[in-house]
Amino acid sequence: MNKELIKYPLYVILYPFKGFWDVKYEEKGKLGIALPILFMLTLVMILRRQFAAFIVNFSNPNELNSLDELLFIVLPFFLFCIANWSITTLMDGEGKFKEIIIVTAYSLVPMVLIYPFTIVLSHFITGDEAIFYFLLDGIGLFWFIFLLFIGIMTVHQYSVSKTVGTFFLTIVVMGIIIFLGLLSFSLIQQIYAFVETIFKELTYRV
C-alpha cells in the first residue's frame, strides 16, 4: 500500500477540510487503513483501563474484560455509521457507507495518538496534577468530535445546520436500533424458553 495513504490520516487531522475532501473526491481514504485505526483505538482503550495509574483510573483491573471494549467502541462505531447512512440516504446525502466508515475512523486518530501518552503521563503526576491528564483527554475527545463533524459535513456536502440536524437524528436512530435489538433479543429468549418448555413437556409425557 502507498506510504502516502498510510500517513494520510495524520494529514487529515491537521487539515480536515482539505483532507476529507480528498477522501471523498480523490479516493485517498482506504478501508484497509480505517479499520486498523479502529482496532488500535480498541487496543489503546484496553491498555488505558488496565495500566493507567490509580490516580486517574476508576476501573477495577480485576473486573476488567477486554471484550467489553468491543461492546463500547466497535459496536457504537458501526452503529453510528449504519444510523448515519440510513438517515442521510433519506436526506439527499452524497456520502457512501464506505466513506462514512472511513471519515469516522480517521476522526479517531487524535485519541489513538493522545491516549497512549496520557497512560504514561498518569504514572508521573500527583493528584493535584491530574487535571493535565483530563485536559489532554478532553482535547483528544473534542478533536475527534470536531473532525467527525467536518468529515460528515464534507462527504455528504451538507451545510453546518443540516449536519447538526443529521447528528441529532443519527443519535435518535442509534437509540431506536438499540431498542429494537434488545426487544428482538428478549423476544428470541422468550421463544426459546417456550419451545424448550414444550419440548420438555412432550419428552416427559412420552
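Derivation of every value follows stated rules applied to the coordinates shown; laboratory data play no part. Because the structure is predicted, anything quoted here is derived from the model rather than measured. Cβ: placed from backbone, ideal geometry, glycine included. Neighbour counts: every protein chain shown.
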Exercise. Quick one: if you stick a label point 7 Å off each Cα along the C-beta vector at F54 and F134, how many nm between them?
Worked result: 2.0 nm
Exercise. Hey, which of these cross-link pairs are over 20 Å Cα-Cα: K30/K162; K3/K30; K7/K162?
Worked result: K30/K162; K7/K162
Problem set entry | Sum of -39500 (n - 2.57) over DSSP H runs of 4+, divided by residues of the chain (222 nm, nearest 500) | -26000 deg cm²/dmol
Exercise. How high is the FRET efficiency between L35 and Q190 when r is their beta carbon distance and R₀ equals 41 Å, given to the nearest 0.05?
Worked result: 0.70
Exercise. How many nm is it between the label spots at I178 and S159, if each spot is 7 Å from the Cα in line with the beta carbon?
Worked result: 3.1 nm
Exercise. For segment 3-205, rounded, prolate or oblate, judged on the Cα gyration tensor with a ≥ b ≥ c (square roots of eigenvalues), a/c < 1.5 rounded, else prolate if a/b > b/c?
Worked result: oblate
Exercise. On full extension of the chain, what length is gained from F124 through F72, given 0.36 nm per residue of separation minus the C-alpha to C-alpha distance?
Worked result: 15.9 nm
For this session: Using the Karplus curve 6.51 cos²θ - 1.76 cosθ + 1.60 with θ = phi - 60°, work out ³J(HN,Hα) for each residue of segment 156-163 in order, rounded to whole Hz, and write x for Gly and Pro.
Result: 9, 6, 9, 7, 4, 5, 5, 5
